[in-house]
Every structure is written in structure tokens, then in C-alpha cells.
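Below you'll find the structure, written out as C-alpha cells, and then a few comments.
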Amino acid sequence: MKILSDIAIKVEENRRLDPVDALNLMRHADLLFLADLAGKVRCRRHPEPVVTFVSDRNINYTNVCVSGCRFCAFYRPPGHPDAYVLDEETLRGKIEETLALGGTQVLLQGGMNPDLKLDDYLSMLRFIKSNFPIHIHGFSPPEIVFIAEQNELSIEAVIRRFIEAGLGSIPGGGAEILCDDIRSRIAPGKCNAGQWLDVMRTAHRLGLWTTATMMFGHVETERHIVDHLEKIRSLQDETGGFTAFIPWTFQPANTQIDVPTAGAAQYLRVLAVSRIFLDNIDNIQASWVTQGEKIAQVALAFGANDFGSTMIEENVVAAAGVRFRLPRSEIVRLIEDAGYAARQRDCFYRAIQSAA
């Protein structure tokens, strides 16, 4: 097909693809064609045969949320018997264990809890930073928008206060698909696409690095996926503040969205197109937590250069019935068996020690 051969020439010549190119790749390219193009882009950006990973723990400081996202099996409404907010001693135990296992950061995420005030979040950050030598990667854009609205503050004011209290970077959670017609169907109580992007724009301007994500395989179309990628790329052109992009598949079990689980072929297609199209983002992360170890290995041939986190603890995807677990030693083995050198990194993709 001439359309695809023209796109291949663009990639070979290191020219930027436009959204129509990306849409044609999504709709018409076969997987081996995509793997070839994505592999070339990955090798151009990362010529050394190295795959990175980070050792950390996902800490969900609360499961109380009023967003009511139809795709979430984790949250509980206020007053539910299973609702919780972690106390300091529980946090202490989790972080001490993380450090003992070689962890270098914690990912703090919760829900939109109307009972928590700004001081509660600041106290949590100060407690962690005053007691532990660990990086805090925390509070997704929907959480920050909610906290700002609850406390009648600007997004900038909230982020500044969080930085002063010890926040080191912001995860890309809550992006789902950055198209409001989709967001209104799957997450009507969550911030809109413009607000998500504004949080990231503000964070980058204030000196925080962030990641970007995409959850697909629910009610979106290929066009929505490409629109999402274009918005991420455009903001990266503006700020340069994204360290990585992480696409992952929706897990429908125990949720209110009844669709078949997206398979490996769909995941690898989107992953490869992400690597080819996002020419200004250095790192693309494989999602073993949703795809399992074998597909995560294959993802390294479809443009991924990072194996993600050891995830000493993970609760949100597990609530949807997906419970893949990989210790650090197994991540290293999987990377090496795929023909790469494994390298542990920090949140900013700096090597911190040998994975040997």
C-alpha cells in the first residue's frame, strides 16, 4: 500500500508524522510492519541495547472517591465499609519495606476524597520526606484539580504547596483518553481533557517532570487514540516536561463497562504507533502489569525501551482481577532473555546502579 510505504519513508528520513499518518498506521499497517518502524525509531533514540526499570511501590493513600468512573473497580464511595485513608504508621511500614527491597520512589495516588483537606495532603508529604530518603511521584492531574476546587485555590497554588512539602514529580494517571466526548461517557465526574493538560503544563513550568499515560480498549476509536497522542505531543513541543509515555489496556472485570478485554495485538499496535508518532518523548514504557511478562517482552520489539516498575504493591489494576506480579530478579531475567542489558533507573531515567 503506497500510503504505508510513504509513511515508512518519512520514518526512515526522521521526518515527523502527522495525525493522518498515525491513523493510517492504526487502521492499515500489519504488526510486523509496525514492529519494524517502531524498532527503528527506538534504536535511533536509544542506540544502546539497554532496557530500564524502576523499583518502587504504588501507595493508594485512600480508596474513597466521588468521581464514579465507570472503568474503576478500586474506588469506594464515602461512608462505604471498605473505605479507608492510610494513617502515618501504615505509610511508615509500606515505605520501610520499599526501601528494604531496594525501592527508590513511591507512587502516591488516591481518589477524589471530599473528607481530605489540603493540609492532610501536605502533612502526608512532609511526613514522608522528613522520615525517608525516597522520591515522591504523586497526585495525578484529576486529584490536583479536585484538591484545587475543594480548597478554592488555583492549580498553580496547589502544585507550589506540594513542591514545598516534598513532591518530586507527577504521574500521568487520569488521562484515560484526552477527548471529552469519551471522558463524559467513562468518567463524567473527572477533570476534562483541557484541565488534565493544564495541570501538566503548569507542573512543567514550575520545574516538575511528569509522565503521560493512555488507557485504551474501552469505548474509544482509533481516531480518539490519535487525538490523544497529538495532544501529548503538542504539549511536549511546548514544555518538554514529559519523561515517558505509558499506554495500557483497560481491564473490564468488575467495572461498569462491558467490553471484551483488549488483546495483545491491539496493545502492541497502539504501543508501536505511540513510539513512532511521539517523536519528542524519549521513553516508552511496556505495561507488564496489564499484559503479563511475555507480551511485555515482545513490547521491547515494538518500541518500548523501559520495563516500568517492580510494583512492590499495586491495587487498582488488581481490583479489576489482573494480578501479574514480577520481582526485580524476574524483570532483569526477562530483559536479558530478550537480548538487552537491564539497568535500574530513578524517576528521571538516570541509571542508579547495576542490575546484576
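Values for this structure:
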{"quantity": "Unique match (being crowded, with 18+ Cβ neighbours inside 10 Å and in contact with a strand residue (DSSP E or B) (Cβ under 8 Å, 6 or more places away or on another chain)) among Ala165, Ala187, Ala244", "calculated": "Ala244"}
{"quantity": "Leu99 of a type outside the set (Val, Ile, Thr), buried (at least 19 other Cβ atoms within 10 Å of the Cβ), touching a residue at least 24 places away in the same chain (Cβ under 8 Å) and not in a loop (DSSP other than H, G, I, E, B)", "calculated": "no"}
{"quantity": "Test for Ile177: is it buried (at least 16 other Cβ atoms within 10 Å of the Cβ) and part of a loop (DSSP other than H, G, I, E, B)", "calculated": "yes"}
{"quantity": "Within region 263-295, tally of residues that are over 20 Å from Phe307 (Cβ atoms), assigned to a loop (DSSP other than H, G, I, E, B) and in contact (Cβ under 8 Å) with a residue 40 or more places away in the chain", "calculated": "2"}
{"quantity": "Unmet requirement for Val54, which otherwise passes all of (1) touching a Ser or Thr at 6+ places or on another chain (Cβ under 6 Å); (2) free of Cβ contacts under 8 Å to residues at least 60 places away in the same chain", "calculated": "(2)"}
{"quantity": "Pick from region 119-142, criterion closer than 23 Å to Thr202 by Cβ and in a loop (DSSP other than H, G, I, E, B), ranking: nearest to the chain's Cα centre (by Cα)", "calculated": "Ser140"}
{"quantity": "Breaking point among (1) within 23 Å of the chain's Cα centre (by Cα); (2) surrounded by 14 or more Cβ atoms within 10 Å (Cβ to Cβ); (3) not in a strand (DSSP E or B), for Cys43", "calculated": "(2)"}
{"quantity": "Matching entry among Ile182, Ile232 (being farther than 20 Å from Leu107 by Cα, buried (at least 18 other Cβ atoms within 10 Å of the Cβ) and within 15 Å of the chain's Cα centre (by Cα))", "calculated": "Ile232"}
{"quantity": "Within region 102-113, tally of residues that are out of contact with any helix residue (DSSP H, G or I) (no Cβ under 7 Å at 6 or more places or on another chain) and surrounded by fewer than 18 Cβ atoms within 10 Å (Cβ to Cβ)", "calculated": "0"}
{"quantity": "Close pairs (6 angstrom Cβ cut-off, 6 or more residues apart or separate chains): touching a residue at least 12 places away in the same chain (Cβ under 8 Å) in region 231-247, of a type in the set (A, V, I, L, M) and part of a loop (DSSP other than H, G, I, E, B) anywhere", "calculated": "Lys231/Leu178; Arg233/Leu278; Gln236/Ile281; Phe242/Ile281; Phe245/Leu278; Phe245/Ile281"}
{"quantity": "Selection count, region 257-282, where residues are more than 12 Å from Val298 (Cα to Cα) and buried (at least 20 other Cβ atoms within 10 Å of the Cβ)", "calculated": "9"}
{"quantity": "Qualifying residue in region 147-162 (condition: surrounded by fewer than 23 Cβ atoms within 10 Å (Cβ to Cβ), at pLDDT 95 or above and under 24 Å from Asp346 (Cα atoms))", "calculated": "yes"}
{"quantity": "Some residue of region 304-326 being buried (at least 22 other Cβ atoms within 10 Å of the Cβ), farther than 29 Å from Thr104 by Cβ and at pLDDT 95 or above", "calculated": "no"}
{"quantity": "Test: residue in region 114-131 that is closer than 26 Å to Asp227 by Cα, out of contact with any Asp or Glu (no Cβ under 6 Å at 6 or more places or on another chain), in contact (Cβ under 8 Å) with a residue 24 or more places away in the chain and charged (D, E, K, R)", "calculated": "no"}
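The values are calculated or read from the model by the stated rules, or taken from the named source; none is laboratory data. Small disclaimer: the values here were computed from a predicted structure and weren't measured. Cβ coordinates were reconstructed from backbone atoms using ideal geometry, including for glycine residues, and neighbour counts include every protein chain displayed.
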